[in-house]
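The values are calculated or read from the model by the stated rules, or taken from the named source; none is laboratory data. Since this is a predicted model, take the numbers as computed values, not measurements. Neighbour counts are summed over all protein chains in view; Cβ atoms, including those assigned to glycine, are modelled from backbone coordinates with ideal geometry. Quick note on the areas: whole protein, heavy atoms, side chains included, nothing else; ligands and nucleic acids left out. Shrake-Rupley method; radii C 1.70, N 1.55, O 1.52, S 1.80 Å.
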Amino acid sequence: MKKILTQREKEVFDLLVLNYSTSDIADLLGISEKTVRNHISNVIQKLDVRSRAQAIVELIKLNEIFLKTL
């Protein structure tokens, strides 16, 4: 099965699932907040959904990302 996410998009959404903010994600990945937002927007477009939350639900359904516990 072909993956939908790029490696970086997966990293961003893995951190979103863990409730990291855009700012936190940017700091952890060493990229700008704008780049984080661009990755999120690209995924929302790919999935044809309207929000981060909807994207996360779809990505979990597609086994692209997984819910994690701390």
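Within the stretch 17-43, can you find the residues that are small (Gly, Ala, Ser), open to solvent by 50 Å² or more (accessible area, probe 1.4 Å) and part of a helix (DSSP H, G or I)?
Matches in the stretch 17-43: 41 only.
From the list 10, 46, 3, which residue is open to solvent by 90 Å² or more (accessible area, probe 1.4 Å), free of Cβ contacts under 8 Å to residues at least 60 places away in the same chain and at negative phi?
46
Would you confirm whether or not the stretch 63-70 contains a residue that is out of contact with any Lys or Arg (no Cβ under 7 Å at 6 or more places or on another chain), open to solvent by less than 70 Å² (accessible area, probe 1.4 Å) and free of Cβ contacts under 8 Å to residues at least 24 places away in the same chain?
no
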